[in-house]
Amino acid sequence: MSALFTEVVATIAAAWRPLADPFKSQVLALLTDRRSSLTSSMYRDMKAGHRIEADQIIGDLVRRAAANGVATPLLSTVLVRLTVYEEAQASNKGR
């Protein structure tokens, strides 16, 4: 999670502006707290079998990273996995 967060933070810094260190620390603490019951809306949508916006959210980050020379191997892997999910959902609806 820390490495993935690092990719996202680097992308944001390259495409817009750096995030404040206290904010990054706070967000990372939330993301890595094993006792936390927080989940993303995209994850909740996936668990419920709903559509997600992988390209609009993660794809946008990956494209901005590439345009700014930021390597995102983990974020790119997430995008592939989410794209597979979306394609499976589309195939299931066609049946």
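The values are calculated or read from the model by the stated rules, or taken from the named source; none is laboratory data. Remember, predicted model here, so these are calculated numbers, not experimental data. Cβ: placed from backbone, ideal geometry, glycine included. Neighbour counts: every protein chain shown. Side chains are part of the model used for accessible areas, which takes the heavy atoms of the whole protein and leaves out ligands, DNA and RNA. Shrake-Rupley method; radii C 1.70, N 1.55, O 1.52, S 1.80 Å.
With a cap of 15 neighbouring Cβ atoms within 10 Å, and only residues DSSP puts in a loop, list the trypsin sites (Lys or Arg not before Pro) found in the range 1-90. Provide the component values of the computation, followed by the final result.
Details: sites: LYS24, ARG34, ARG35, ARG44, LYS47, ARG51, ARG63, ARG64, ARG81; in loops: ARG34, ARG35, ARG51.
Filter output for the range 1-90: ARG34, ARG35, ARG51.
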Solvent exposure of the range 1-88 as accessible area per residue, Å², 1.4 Å probe: 69
Sum of side-chain charges, LEU82 neighbourhood, beta-carbon under 13 Å (Lys, Arg +1; Asp, Glu -1): -4
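Note down the relative contact order for the range 1-80 as a percent, whole number, built from C-alpha pairs under 8 angstrom at least six residues apart. Before the final figure, lay out the partial values.
Working: 52 pairs, mean separation 33.4, N = 80.
It rounds to 42 percent for the range 1-80.
Whenever you get a sec, compute what percent of the accessible area on the chain sits on carbon and sulfur atoms (1.4 Å probe). Don't skip to the end; give the middle numbers.
Working: 3840 of 6780 Å².
Its accessible area is 57 percent carbon and sulfur atoms.
If you take the C-alpha gyration tensor of the chain, multiply each eigenvalue by 5 and take the square root, what semi-axes do you get, largest first, in whole Å?
They are 26, 18, 10 Å, listed from largest to smallest.
For LEU28 and ALA14, compute 0.36 nm times the residue count separating them, minus their Cα-Cα distance, and round to one decimal in nm.
Values: separation 14, 0.36 × 14 = 5.04 nm, distance 1.89 nm.
Here the answer is 3.1 nm.
Once you charge only the Cβ atoms, +1 for Lys and Arg and -1 for Asp and Glu, what is the size of the charge dipole of the chain about its Cα centre, to the nearest 20 debye? Write down the numbers at each step before the final one.
Working: 12 positive and 9 negative charges, 46 e Å.
For this selection, approximately 220 debye.
What number, rounded to the nearest 500 deg cm²/dmol, is the helix-based mean residue ellipticity at 222 nm of the chain, given -39500 (n - 2.57) per DSSP H run of at least four residues and division by all its residues? All intermediate terms of the calculation are to be shown ahead of the outcome.
Details: 5 runs with 62 residues, N = 95.
Here the helix-only value at 222 nm equals -20500 deg cm²/dmol.
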